[in-house]
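In what follows, a single structure is set out as structure tokens and then discussed.
The values are calculated or read from the model by the stated rules, or taken from the named source; none is laboratory data. Just so we're clear, the structure is a prediction, and the values are computed from it rather than from any experiment. Here the Cβ positions follow ideal geometry from the backbone for every residue, glycine too, while neighbour counts run over all protein chains shown.
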Amino acid sequence: MTDAEIRKLLQEELNNIAPEVDMANLDPAADLREAMDIDSMDFLNFITAVHHRLGIDIPEIDYPKLITLDGATKYLATALAKKG
Amino acid sequence: MVDFRMPSLGADMEAGTLIEWLVKPGDIVKRGDIVAVVETQKGAIEIETFQPGQIEQILVGLNSKVPVGTPLARIRAEGEAPAAPPPAAPPAPPAAAPPPVAVPPPIMPAPPTAIPTAPPLVAPAAVPARPRISPAARRLAETRGIDLRALSGSGPGGAIVYADVALALAKPAAPTAAPERKRAPALDLDAMRVAIAAAMARSKREIPHYYLSHQVDVTPCEHWLAAKNAYLPPDNRLLMGALTIKATALAARRFPAFNGFYRDGKLETSKAVHLGVAIAIRGGGLASPALHDTDQLPLDELMNRMRDLVARTRAGRIRSSELADATLTVSSLGERGVEALYGIIYPPQVAIVGFGKVVARPWVVDGAIGPRSILTMTLSADHRVSDGHGGALFLAEIGKLLEDPDKL
């Protein structure tokens with residue numbers, strides 16, 4: 001999976017939570033919780049959805065690495081590469 | 001024979017519009033079954049029946065707006081003989097439910113109280129009929145983000161059935177399907193704002209609130225959650241909100257003056273603890289449906305139910321019992337925002353507990369100052385039924401329970 005594909009998947013899942021947010025205008029380095037006004041339940045649902053779609057275990061301790069779109073893309077790309 | 005009536009889903013509700021029947025004459029219903037969907041200011045609400053039996057007759061057609069208390073259907077209790085032979089209808093094939101629009105106009109009782117503005121009954125014929133959609137089709141469409149308006153139905157009378165939605169899902173997404181996804185049509189945020197305004201204005205007019213606040217060190221809760229969640233897949237992970245809600249429910253059981261209703265000039269305490277969970281809705285809405293028997297739920301079950309409740313509320317699918325039953329409300333700011341929140345009581349309840357954002361603060365533990373995670377809790381309570389002394393004990397009890405999450 002390329003970085004662009006991962007990013008697209010993340011954007012889809014974020015849009016499921018916040019349908020009105022225009023992903024094209026979202027700063028990929030912004031804190032998603034602030035930029036999209038999502039709460040801890042939304043974030044947990046986002047992690048759950050990504051976990052199911054990619055089969056990647058995302059421990060809670062790693063949440064801070066997934067708090068921006070750039071960070072989440074990088075984290076998942078690394079995890080997918082490790083998984084092989 | 002028992003009438004199934006338009007329920008009152010809050011002190012501010014005068015009428016509701018019937019938008020979906022999930023049963024037809026002859027169907028057997030159990031207590032708690034969802035039999036109809038009614039549109040109110042708070043969104044589309046799934047209405048449950050408390051009377052088990054067999055649906056004898058549907059009295060109100062789709063898209064009819066009727067006052068609270070209007071009989072919507074007749075239910076024959078188990079063992080009861082049919083009152084009269086049903087109108088000589090040919091034995092309808094079970095799949096093709098007779099369109100409820102064909103039923104005689106509903107009998108209109110006077111509104112239960114003198115409501116001068118009770119809206120007139122909308123004649124079913126005057127409203128363009130909505131396409132009939134089976135509940136299964138509606139659910140599938142909602143979870144997968146399919147626009148039902150774009151589908152044509154293959155069911156009886158053109159009804160959209162599960163297979164139609166499944167077919168739409170199987171098709172590759174057409175480029176026209178890309179534009180922004182719409183919010184569930186069930187949620188009308190303007191109407192919801194009107195309902196919030198009415199309830200909150202009434203509360204501030206009638207209820208003499210008093211306010212207390214208390215800070216607790218929730219570092220043990222954070223450690224406990226981190227240790228527990230480390231071994232759980234995301235589906236089963238717990239949030240701090242589950243702990244604060246459970247602690248509030250347990251404390252409410254011990255302090256009944258904060259769990260119940262103010263009616264007819266006095267406190268009616270509730271044996272059951274159904275915490276209303278204030279849920280923010282994107283775009284500026286708020287609803288606080290009840291989490292039934294909160295005090296009885298183990299934490300993992302409580303968390304599952306909370307996730308389900310939040311998802312359904314945000315999709316505009318609250319159940320009637322969830323709207324009417326809350327005995328005490330909890331409002332939590334979660335991870336963001338500010339340290340403290342002072343709620344306004346949702347009448348006829350008598351208290352609301354608020355939780356702010358957890359913040360890192362210098363704190364004295366065992367005689368030494370160190371960084372700890374501090375949560376500010378507040379209580380707004382009705383001074384007609386309780387006093388600051390009791391309120392303080394109640395709030396302190398919630399704090400004590402949070403010191404030992406193992407016992408929650």
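Residues in region A:27-36: is at least one at the interface with another protein chain (Cβ under 8 Å from one of its Cβ atoms) and basic (Lys, Arg)? Talk me through it step by step, then tell me what you get.
Step one: list which residues in region A:27-36 are at the interface with another protein chain (Cβ under 8 Å from one of its Cβ atoms), which gives A:33-34.
When the remaining residues are screened for being basic (Lys, Arg), the result is A:33.
Checked against the condition, which is being at the interface with another protein chain (Cβ under 8 Å from one of its Cβ atoms) and basic (Lys, Arg), region A:27-36 yields at least one hit.
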Quick one: count up the residues across region B:236-277 that are surrounded by fewer than 22 Cβ atoms within 10 Å (Cβ to Cβ), aliphatic (A, V, I, L, M) and more than 12 Å from every other protein chain (Cβ to nearest Cβ).
4
What strands (runs of 3 or more DSSP E) lie completely within region B:291-408 and have 2 or more residues being surrounded by fewer than 21 Cβ atoms within 10 Å (Cβ to Cβ)?
B:359-365, B:368-382
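Specify which of the listed residues (B:ALA125, B:ALA197, B:ALA137) is closer than 23 Å to B:GLY61 by Cβ, at pLDDT 65 or above and either assigned to a helix (DSSP H, G or I) or outside the structural domain of B:LYS357 (by TED's automatic domain parsing) (or both).
Values: B:ALA125 fails: at pLDDT 65 or above; B:ALA197 fails: closer than 23 Å to B:GLY61 by Cβ.
B:ALA137 is the lone residue from the list that is closer than 23 Å to B:GLY61 by Cβ, at pLDDT 65 or above and either assigned to a helix (DSSP H, G or I) or outside the structural domain of B:LYS357 (by TED's automatic domain parsing) (or both).
Among the residues of region B:331-343, are any of a type in the set (Asp, Glu), in contact with a strand residue (DSSP E or B) (Cβ under 6 Å, 6 or more places away or on another chain) and assigned by TED's automatic domain parsing to the domain that holds B:LEU291?
Kept after step one, since they are of a type in the set (Asp, Glu), are these residues of region B:331-343: B:335, B:339.
Next, only the ones that are in contact with a strand residue (DSSP E or B) (Cβ under 6 Å, 6 or more places away or on another chain) stay: B:339.
If we keep only those that are assigned by TED's automatic domain parsing to the domain that holds B:LEU291 too, we end up with B:339.
Yes: one or more hits.
Could you please give the count of residues in region B:212-253 that are of a type in the set (Gly, Ala, Ser) and either in contact with a Ser or Thr (Cβ under 6 Å, 6 or more places away or on another chain) or part of a loop (DSSP other than H, G, I, E, B) (or both)?
Of all residues in region B:212-253, those of a type in the set (Gly, Ala, Ser) come to B:213, B:226-227, B:230, B:241-242, B:247, B:249, B:251-252.
This time we only want the ones that are either in contact with a Ser or Thr (Cβ under 6 Å, 6 or more places away or on another chain) or part of a loop (DSSP other than H, G, I, E, B) (or both), so: B:213, B:230, B:241, B:249.
So the count comes out to 4.
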Every residue from region B:278-290 that is assigned to a loop (DSSP other than H, G, I, E, B) and within 13 Å of chain A (Cβ to nearest Cβ):
B:ALA278, B:ARG282, B:GLY283, B:GLY284
Are any of the residues in region A:50-57 closer than 18 Å to B:VAL310 by Cβ, within 11 Å of the chain's Cα centre (by Cα) and facing another protein chain (nearest Cβ under 8 Å)?
no
Taking the condition of being touching a residue at least 40 places away in the same chain (Cβ under 8 Å) and on the phi > 0 side of the Ramachandran plot, how many residues in region B:254-287 meet it?
3
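Quick check on A:GLU20: is it of a type in the set (Asp, Glu), part of a helix (DSSP H, G or I) and facing another protein chain (nearest Cβ under 10 Å)? Explain how you work it out, then say what you get.
Working: of a type in the set (Asp, Glu): yes; part of a helix (DSSP H, G or I): no; facing another protein chain (nearest Cβ under 10 Å): yes.
For A:GLU20, the condition - of a type in the set (Asp, Glu), part of a helix (DSSP H, G or I) and facing another protein chain (nearest Cβ under 10 Å) - is not met.
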Given the conditions (1) part of a helix (DSSP H, G or I); (2) within 14 Å of another protein chain (Cβ to nearest Cβ); (3) surrounded by 15 or more Cβ atoms within 10 Å (Cβ to Cβ); (4) under 12 Å from the mean Cα position of the chain (by Cα), report the number of the one that A:GLY71 does not fulfil.
(2)
Given (1) over 25 Å from B:MET306 (Cα atoms); (2) at pLDDT 95 or above, where does A:PHE46 come up short, assuming only one miss?
(1)
Apart from one, (1) in contact with a strand residue (DSSP E or B) (Cβ under 6 Å, 6 or more places away or on another chain); (2) under 16 Å from B:GLY10 (Cβ atoms) all hold for B:GLY285; the odd one out is (1)
